Amino acid sequence: MLTPHPSPTVVIVGAGHAGGTLAGMLRQQKFDGRIVLCGEEAHLPYHRPPLSKKYADDEFVQWLKPDSFYADNAIETRLGDPVVHIDRDARTATTSSGEILQYTT
């Protein structure tokens, strides 16, 4: 179901390095609207090291930002729930769970 949001909304499709960086930069540049970060993977954005067996272990995961960063900066995350359809005319993005997000920007 579509729920309009009262403030300007940005929906970021992809919660990888680029998506996580964009969300942070929007807040750094004083964007005060709603930010929703959607991604297929079930975890927050992380640095993707060069391919090597040495880095295959979870011990070497370097998160882009700490967990608290997203909550502290009012960045909503939809992890494990990627956008599967975008309707540019209606300005909506639909996630795999069926959530319809309306964006303004």
* Residue by residue through region 73-102, note down the ones that are in contact with a Lys or Arg (Cβ under 9 Å, 6 or more places away or on another chain) and farther than 11 Å from V13 by Cβ. => N73, A74, I75, E76, S97, E99, Q102
* Asked: Looking at region 1-97, what strands (runs of 3 or more DSSP E) fall wholly within it and have at least 1 residues that are in contact with a Leu (Cβ under 6 Å, 6 or more places away or on another chain) and at pLDDT 90 or above?
  -> 9-13, 34-39, 75-79, 92-95
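The values are calculated or read from the model by the stated rules, or taken from the named source; none is laboratory data. Please read these numbers as outputs of a predicted model, since none were measured by experiment. Backbone-built Cβ (ideal geometry, glycine too); neighbour counts: all protein chains shown.
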